[in-house]
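Participant: Supplied in structure tokens, the structure appears directly below.
The values are calculated or read from the model by the stated rules, or taken from the named source; none is laboratory data. Everything numeric here is computed off the predicted structure, so don't read it as measured data. Here the Cβ positions follow ideal geometry from the backbone for every residue, glycine too, while neighbour counts run over all protein chains shown. Heavy atoms of the whole protein, side chains included, go into the accessibility calculation; ligands, DNA and RNA do not. Shrake-Rupley method; radii C 1.70, N 1.55, O 1.52, S 1.80 Å.
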Amino acid sequence: MGPLRKTHWTKDLTPELDGKEVILTGWVWDIRDLGNIKFILIRDREGFIQLTIKRGVAPDSVWSMIPSLNREDAIAVKGVVRASKIVKAGIEVFPSEIQVIAKSKALPIDIWGSVETDLDTRLKFRSIDLKRPFNLLIFRVESETVRAIRETLYGRDFIEVFTPKIIVTSTEGGAELFTVQYFERIAYLAQSPQLYKEELTASLERIFEIAPAYRAEKHNTNYHLNEFVSVDIEEAFADYMDVMEILEDVIVNVYDRVSRLYGNELAKYGIEVKVPKRPFRKITYDEALDILSKRGLRINWGDDVPKNGMEILSEEIVEPFFIIHFPTDLRAFYTKPLDSDPKISESFDLVIDGLEIASGSSRIHIKEQLMDALKKKGLNPENFENHLMIYDYGMPPHAGWGMGLYRLLMVLLKRSNIREVVLYPRDRYRLEP
């Protein structure tokens, strides 16, 4: 008897398959023994299905092995699909053969929802915690979110690129960097693909990257990580308004796709995925400060909008919105100032449910202006020689943005801690598992 090979996922089984023989693989979720009839609920990545084993109907080999099964045993099942008006799913499978692929010990944490386990403990046993049905749903949603982002950008003639993550100098001059011993030299982990993606607009014109980024900032909040996935785009012959419109398109398509594919499943967990209406509202930095002042939160002009300020603004506006025209001194050196008022920049943040999800701007594309901007930030243009070189050879006007994938998932799935939407989170205190 050879190993059974999966022919169907649980989601593939429908009443229309009544009488068809299938092979399923998965894990024992629950066992119910009612004497002359036993039920096994098995789980795969896509859901659950009930196996029905009746004494005198099921083969003796199947009937006799049920007492030896444990929850989370990995099994393969050959059986016949039967439509049922009694079973909630409308179908059940009558097995003719069950193979135990791997036995399971008692789990160190509860994945069935009977006992509440704190997040730190769950993350300690993360590979086991990922068996929880809601976690399976989170990471299926994450996969479709990335698919929606890619399809949106490919549809707008962007191409996907992969830039180095081991670099020789800071890309933004601000965020702390992780050092790497690179043979005889010291190198750094990239906190952004910013300079590379700007350079690529001089050749590939429209590019995007979905890749890890690293920031050695000593945060310990529910919405910061030291390793995260950044979604970045850059477009030649464009400004900040152009790329804001692309960002709207990405967000709406993500919400629409997740709503269509997983809206019903998410609703079982009390999560409503409401597709935002376009266009998103735009408020200036000055308008944001006025709104916050009226709500009792005074921010000095030139200071960034804090997290509680974002939350207040979201209470006022409700839908996703942009804050535009931040003070130039508040943004990275490559951010283009307004021609009419250089103190203000062609910049924006996207805020959803009180959280900054993405940040972007028009970029400076004239070399002399960029060198001046570097000096104003206290940076030495000589350290950016390789980057500045391309500005001598037809550097186009360009704009772009960076978006935190995990932050998007956090607001999409109404999670209070970003670590819930990361397979194996890396923060200031967590380097394992």
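Participant: When segment 62-76 is examined, which residues are found to be part of a loop (DSSP other than H, G, I, E, B) and open to solvent by less than 20 Å² (accessible area, probe 1.4 Å)?
Facilitator: So the first thing to find is which residues in segment 62-76 are part of a loop (DSSP other than H, G, I, E, B), and the list is 69-73.
Across segment 62-76, the qualifying residues are 69, 72, 73.
Participant: Hey, among 145, 169, which residue is of a type outside the set (A, V, I, L, M) and either within 19 Å of residue 397 (Cβ to Cβ) or in a loop (DSSP other than H, G, I, E, B) (or both)?
Facilitator: Details: 145 fails: either within 19 Å of residue 397 (Cβ to Cβ) or in a loop (DSSP other than H, G, I, E, B) (or both).
Going through 145, 169 in turn, just one is of a type outside the set (A, V, I, L, M) and either within 19 Å of residue 397 (Cβ to Cβ) or in a loop (DSSP other than H, G, I, E, B) (or both): 169.
Participant: Can you pull out the residues in segment 116-134 that are in contact (Cβ under 8 Å) with a residue 24 or more places away in the chain and assigned to a helix (DSSP H, G or I)?
Facilitator: 119, 123, 124, 126, 127, 133, 134
Participant: Something else now. Suppose we keep only residues that are closer than 30 Å to residue 127 by Cβ and out of contact with any helix residue (DSSP H, G or I) (no Cβ under 7 Å at 6 or more places or on another chain) within segment 47-61. Which one would you say is least open to solvent (accessible area, probe 1.4 Å)?
Facilitator: 51
Participant: Can you find, within segment 1-46, the residue that is farthest from residue 102 (Cα to Cα) among those that are open to solvent by 80 Å² or more (accessible area, probe 1.4 Å) and assigned to a helix (DSSP H, G or I)?
Facilitator: 16
Participant: Would you say residue 219 is surrounded by 15 or more Cβ atoms within 10 Å (Cβ to Cβ) and not in a helix (DSSP H, G or I)?
Facilitator: Details: surrounded by 15 or more Cβ atoms within 10 Å (Cβ to Cβ): no; not in a helix (DSSP H, G or I): yes.
In short, no.
Participant: Sticking with this structure for a sec: Return the residues of segment 272-315 that are basic (Lys, Arg) and not in a strand (DSSP E or B); say none if nothing qualifies.
Facilitator: Initial filter on segment 272-315 (basic (Lys, Arg)): 274, 277-278, 281-282, 294-295, 298, 307.
Selection gives 274, 277, 278, 294, 295, 298, 307.
Participant: Still on this structure: Return the pair list, or none, for Cβ contacts closer than 8 Å from residues in segment 402-430 that are closer than 24 Å to residue 332 by Cβ to residues that are at pLDDT 95 or above and of a type in the set (Phe, Trp, Tyr), at least 6 apart or on different chains.
Facilitator: 404/228; 405/228; 406/228; 418/406
Participant: Which is more than 30 Å from residue 160 (Cβ to Cβ), modelled with pLDDT under 95 and open to solvent by less than 20 Å² (accessible area, probe 1.4 Å), of 113, 90, 79?
Facilitator: Criteria check complete, one pass: 90.
Participant: What are the pairs with Cβ atoms under 7 angstrom where one residue, in segment 85-96, is assigned to a loop (DSSP other than H, G, I, E, B) and the other, located anywhere, is not hydrophobic (A, V, I, L, M, F, W, C)? Sequence gap at least six, or different chains.
Facilitator: Every condition considered, the pairs that remain are 87/50; 89/50; 90/15; 90/84.
Participant: Give just the number: which of (1) surrounded by fewer than 17 Cβ atoms within 10 Å (Cβ to Cβ); (2) without any contact (Cβ under 8 Å) to a residue 40 or more places away in the chain; (3) under 30 Å from residue 257 (Cβ atoms); (4) not aromatic (Phe, Trp, Tyr) does residue 165 not satisfy?
Facilitator: All conditions pass for residue 165, except number (2).
Participant: Out of all the residues in segment 316-336, which are assigned to a strand (DSSP E or B), surrounded by 20 or more Cβ atoms within 10 Å (Cβ to Cβ) and not aromatic (Phe, Trp, Tyr)? Quick ask: steps written out before the conclusion?
Facilitator: Going residue by residue through segment 316-336, those that are assigned to a strand (DSSP E or B) are 321-324, 327, 335.
Filter again for surrounded by 20 or more Cβ atoms within 10 Å (Cβ to Cβ), leaving 321-324, 335.
Answer for segment 316-336, where residues must be assigned to a strand (DSSP E or B), surrounded by 20 or more Cβ atoms within 10 Å (Cβ to Cβ) and not aromatic (Phe, Trp, Tyr): 323, 324, 335.
Participant: Can you name every residue in segment 133-147 that is crowded, with 19+ Cβ neighbours inside 10 Å and within 8 Å of the chain's Cα centre (by Cα)?
Facilitator: Answer for segment 133-147, where residues must be crowded, with 19+ Cβ neighbours inside 10 Å and within 8 Å of the chain's Cα centre (by Cα): 142, 145.
Participant: When you check residue 212 against the structure, is it modelled with pLDDT of 95 or more, surrounded by fewer than 16 Cβ atoms within 10 Å (Cβ to Cβ) and either within 20 Å of the chain's Cα centre (by Cα) or part of a strand (DSSP E or B) (or both), yes or no? Break it down into steps so the answer makes sense when it comes.
Facilitator: Details: modelled with pLDDT of 95 or more: yes; surrounded by fewer than 16 Cβ atoms within 10 Å (Cβ to Cβ): yes; either within 20 Å of the chain's Cα centre (by Cα) or part of a strand (DSSP E or B) (or both): yes.
Spelling it out, residue 212 is indeed modelled with pLDDT of 95 or more, surrounded by fewer than 16 Cβ atoms within 10 Å (Cβ to Cβ) and either within 20 Å of the chain's Cα centre (by Cα) or part of a strand (DSSP E or B) (or both).
Participant: Sticking with this structure for a sec: Name the residue that is modelled with the highest pLDDT, counting only residues in segment 222-240 that are open to solvent by less than 30 Å² (accessible area, probe 1.4 Å) and assigned to a loop (DSSP other than H, G, I, E, B).
Facilitator: 238
Participant: Sticking with this structure for a sec: Out of curiosity, is residue 98 open to solvent by less than 20 Å² (accessible area, probe 1.4 Å), under 28 Å from residue 61 (Cα atoms) and of a type in the set (Val, Ile, Thr)?
Facilitator: Numbers: open to solvent by less than 20 Å² (accessible area, probe 1.4 Å): yes; under 28 Å from residue 61 (Cα atoms): yes; of a type in the set (Val, Ile, Thr): yes.
Criteria met by residue 98.
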